[in-house]
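> Sharing a structure with you now.
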Amino acid sequence: MPKGFPLPLVTITNKTLIPSSPLTAVFTGATAGIGSFSLLALAKAHGTSGHPLRVYLVGRNSKTATAIVDECKKVCPSGDFRFVRCGDLALLRDVDGACREVVELERGGRVDLLCMSHSSFSFTGSDDEKTETTEGLDSFLSLLYYSRVRFTTQLLPLLQKSTFPRSATVISVFGPNRRTEFFPDDLSLRDPGHYSFMNAGSVAATLKTFVFEELAKKSAGQVRFCPYFPGLVTETEGFKDEDLPLWFKVLWPVVRPVAKLLVGVGKLECGERVMFHLSGRFPARGLDRVDPELEVAVGSDGLVGGGAYRCDWNGELVSTTKEFETLREEGWAEKSLDHTMRVFEIIESGKLYTE
Ligand SMILES: NC(=O)c1ccc[n+]([C@@H]2O[C@H](COP(=O)([O-])OP(=O)(O)OC[C@H]3O[C@@H](n4cnc5c(N)ncnc54)[C@H](OP(=O)(O)O)[C@@H]3O)[C@@H](O)[C@H]2O)c1
């Protein structure tokens, strides 16, 4: 039997849980790919009955957003799906604008689910192709990390008010297992020798694991945090990006059918598995087990039910490495949060981040 939680168990869990209580969700990156598959899975699991469902779809492209909302409406006619137009989410000020709009529209309400998958498929191999935002962050690193933590902290007061099966859920779709190198003295990868697609992912995954652990402690009993590796999902727009390098554009059409067959995760399965993070498998820190079918996951800090989980595509967990635990011993859990808040403060004050 393959390791992990079987898809029928995942689907039935979602179908039971999602319509069982009122649910308000915010999606980013759902105008395409994994975000849209996840949003559709949520709408489908809610179906035609159940408690109210309200979704804010934060995106740049109103045309694709409308098409996705239309699809959601077909399976969930009672759902309230609202498009929140944003700019470039690599910019913290644009993240703040989108969050402000959600907060205003919610009028003192709450957010039960924040599902983030906005990112480009930046296969940049070198420092020359690096794109810096006008706020001073590397655009790719920001999309994977700073922007997503900013969404989380800006919406945290609303997330902490959630009572949806016991707590709110933050999902960040991007592999927590990405681990090549971490540069404590160059977190922005400004040294030309440090920058690469893999290293940017590694820094993002490391900082996010630590910061989600810290936020899980601050939101004990209220919010759980799930950085999630979705597996290889070949049916997304990302793989069609015009900016991908020529070698990839030539090789991918040949490799894709085989990869899809051998290790691919289909779009319906992908959506269901993302929504599985709402289940009792991943409780907020300090909450007891509720579902006898689902063993409580071990948090990335080693505590059963720790509240922050490095989630693999199939409901299992991605363990941390020896190097990662050395960073923890060196105080990087706290240092990561301090660093991130400092970046936010500098940019918020209107200055360019240059460190
Ligand atoms: N697909 C996979 O096999 C796979 C595997 C591992 C990890 N992941 C990770 O999963 C996440 C989602 O991947 P995907 O395959 O679903 O990608 P995708 O199909 O390319 O979708 C990306 C989404 O992000 C939005 N976006 C991109 N840049 C943005 C920006 N600057 N500002 C605002 N929105 C922006 C896009 O909006 P527009 O419609 O406006 O462009 C789109 O909605 C990524 O972080 C990726 O690294 C994917």
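> For the range 82-100, indicate whether the set of residues that are among the acidic types (Asp, Glu), at pLDDT 95 or above and more than 16 Å from the ligand (Cβ to nearest atom) is non-empty.
no
> Right, next: Report, by residue number, each residue of the range 222-233 that is crowded, with 20+ Cβ neighbours inside 10 Å and within 11 Å of the ligand (Cβ to nearest atom).
Pro227, Tyr228, Pro230, Val233 - these are the residues of the range 222-233 that are crowded, with 20+ Cβ neighbours inside 10 Å and within 11 Å of the ligand (Cβ to nearest atom).
> Within the range 308-322, can one find any residue that is of a type in the set (Lys, Arg) and outside any loop (DSSP other than H, G, I, E, B)?
yes
> Of the residues Gly175, Gly193, which is out of contact with any Ser or Thr (no Cβ under 6 Å at 6 or more places or on another chain), within 10 Å of the ligand (Cβ to nearest atom), in a loop (DSSP other than H, G, I, E, B) and not hydrophobic (A, V, I, L, M, F, W, C)?
Going through Gly175, Gly193 in turn, just one is out of contact with any Ser or Thr (no Cβ under 6 Å at 6 or more places or on another chain), within 10 Å of the ligand (Cβ to nearest atom), in a loop (DSSP other than H, G, I, E, B) and not hydrophobic (A, V, I, L, M, F, W, C): Gly175.
> Is it true that Gly4 is under 24 Å from Leu317 (Cα atoms) and modelled with pLDDT of 95 or more?
In short, no.
> Scan the range 252-295 for residues that are part of a loop (DSSP other than H, G, I, E, B) and touching a Gly at 6+ places or on another chain (Cβ under 7 Å) and report the count.
So the answer is 11.
> Still on this structure, please answer the following. Within 26 Å of Phe174 (Cβ to Cβ) and either over 20 Å from the mean Cα position of the chain (by Cα) or in a helix (DSSP H, G or I) (or both): does that describe Phe27?
no
Residues are listed down the side, and each one gets a yes or a no for (1) more than 20 Å from Ala41 (Cα to Cα); (2) hydrophobic (A, V, I, L, M, F, W, C):
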position: Leu232; (1), (2): no, yes
position: Thr236; (1), (2): no, no
position: Lys249; (1), (2): yes, no
position: Val254; (1), (2): yes, yes
position: Val258; (1), (2): yes, yes
position: Gly264; (1), (2): no, no
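> Of the residues that make up the range 107-114, is at least one away from the ligand (no atom under 11 Å from the Cβ), in a loop (DSSP other than H, G, I, E, B), without any contact (Cβ under 8 Å) to a residue 60 or more places away in the chain and under 20 Å from Leu39 (Cβ atoms)?
No, the range 107-114 contains no residue that is away from the ligand (no atom under 11 Å from the Cβ), in a loop (DSSP other than H, G, I, E, B), without any contact (Cβ under 8 Å) to a residue 60 or more places away in the chain and under 20 Å from Leu39 (Cβ atoms).
> Inspect the range 146-153 for any residue being without any contact (Cβ under 8 Å) to a residue 60 or more places away in the chain and buried (at least 24 other Cβ atoms within 10 Å of the Cβ) and give the result as yes or no.
Yes.
> Does Val318 qualify as being over 22 Å from Phe229 (Cβ atoms) and surrounded by 20 or more Cβ atoms within 10 Å (Cβ to Cβ)?
It is false that Val318 is over 22 Å from Phe229 (Cβ atoms) and surrounded by 20 or more Cβ atoms within 10 Å (Cβ to Cβ).
> Then there's this: Within the range 10-55, count every residue that is out of contact with any Gly (no Cβ under 8 Å at 6 or more places or on another chain), more than 16 Å from the ligand (Cβ to nearest atom), of a type in the set (Val, Ile, Thr) and within 30 Å of Ser120 (Cβ to Cβ).
0
> Oh, and also: Of everything in the range 56-81, what is more than 10 Å from the ligand (Cβ to nearest atom) and hydrophobic (A, V, I, L, M, F, W, C)? Give them in sequence order.
Ala67, Val69, Cys72, Val75, Cys76, Phe81
> Still on this structure, please answer the following. Scan the range 60-76 for residues that are touching a residue at least 24 places away in the same chain (Cβ under 8 Å) and in contact with a Leu (Cβ under 9 Å, 6 or more places away or on another chain) and jot them down.
Within the range 60-76, Arg60, Ala65, Ile68, Glu71, Cys72, Val75, Cys76 qualify.
> What about Cys270, is it within 23 Å of Phe210 (Cα to Cα) and modelled with pLDDT of 95 or more?
no
> Counting just the residues of the range 40-78 that are in a loop (DSSP other than H, G, I, E, B) and touching a helix residue (DSSP H, G or I) at 6+ places or on another chain (Cβ under 6 Å), which one comes out farthest from Thr236 (Cα to Cα)?
Gly50
> Then there's this: Has the range 29-52 got any residue that is within 24 Å of Thr152 (Cβ to Cβ), touching a strand residue (DSSP E or B) at 6+ places or on another chain (Cβ under 6 Å) and surrounded by fewer than 22 Cβ atoms within 10 Å (Cβ to Cβ)?
no
The values are calculated or read from the model by the stated rules, or taken from the named source; none is laboratory data. Please read these numbers as outputs of a predicted model, since none were measured by experiment. Glycine also receives a Cβ, built like all others from the backbone with ideal geometry; neighbour counts cover every protein chain displayed.
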